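Accompanying notes for the structure given below.
The values are calculated or read from the model by the stated rules, or taken from the named source; none is laboratory data. Here the structure is a predicted model, which is why all the values come from computation and not from measurement. Here Cβ is always computed from backbone atoms with ideal geometry, including for glycine, and neighbour counts include all displayed protein chains. Just the protein is used for accessible areas: all its heavy atoms, side chains included, with ligands, DNA and RNA removed. Shrake-Rupley method; radii C 1.70, N 1.55, O 1.52, S 1.80 Å.
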Amino acid sequence: MAASTAVTTVTYGASYQLPSRTALAIKSRRLSSFSPSKRVDLSNLRRRVNAPPPRRAVVRAARTESAGVKLGARAPNFELQEPLTGNLWKLEDFELYPSLLVMFICNHCPFVIHLKKDIVKLCNFYMKKGLAVVAISSNSVVTHPQDGPEFMAEDAKNFKYQFPYLYDESQEVAREFGAVCTPEFFLYKKDGRRPFELVYHGQFDDSRPSNNIPVTGRDLSLAIDLALSCQPIPSNQKPSVGCSIKWHPEIES
């Protein structure tokens, strides 16, 4: 994806400007050289020839839209570790906040990479206004090791995440939330002592990696503004679009 050189001005709440987005540097990797062994272990070769065929891991992935979660649903409980710090985080850790944004993201997805810097800026702005934010990665490291916890910690450090970035190894939390893609946004609101209830389950904005629409964060920021000001949020919400969550592969014989 070509880097954009245009300067995009984004406004959240009162007045907040985002600088132009810069392209992520792609690091090249060198393949280590190797020399084949001059001697062949015939007994090992015979064992390999006579061995049954290995089981094949089937990976299913596609461009996906968020769907299937009803507004008003309660936020599921969770207890997940933050790879960067080793801390455990639970839903109850955010009980004192009026609103909670739960984001399902990952390291490698081009839809997430397209928005990542702007997501961080938006979250930093609203966290100062009382919004609680947590990000979760549920991708299988069997198929996508670049989304593993050590790389999550590196990503959180490089992008200066002010919110916890949690690892859902079992993928049970993603299933509890009904998450299906990255990025996917769940905005919850509290009403007095009542539990968090879902008020927004939609997109960041209309921008996609290849449609040349500037990133504004308009849809999500409007929902957060309304939630923090205790105003109703319209139910006609555009779904988030992204890569499907990489579920642990099915094993076929």
Can you check how the C-alpha radius of gyration of region 95-253 compares to 2.2 N^0.38 Å, as a plain ratio? 1.03
Sorted by mean Cβ packing within 10 Å, highest first, what order do the peptides 174-180, 188-194 take? 174-180, 188-194
Sort 96-106, 147-157 for me by packing, meaning the mean count of neighbouring Cβ atoms within 10 Å per residue, highest on top. 96-106, 147-157
Explain nothing, just the number: dipole magnitude of region 151-230 about its Cα centre with +1 on each Lys and Arg Cβ and -1 on each Asp and Glu Cβ, in debye rounded to the nearest 20. 280
Which order, highest average first, do 109-122, 68-81 follow once you tally other Cβ atoms within 10 Å for each residue and take the mean per peptide? 109-122, 68-81
For region 74-145, with all protein chains present and a 1.4 Å probe, just round the carbon and sulfur fraction of the accessible area to a whole percent. 52
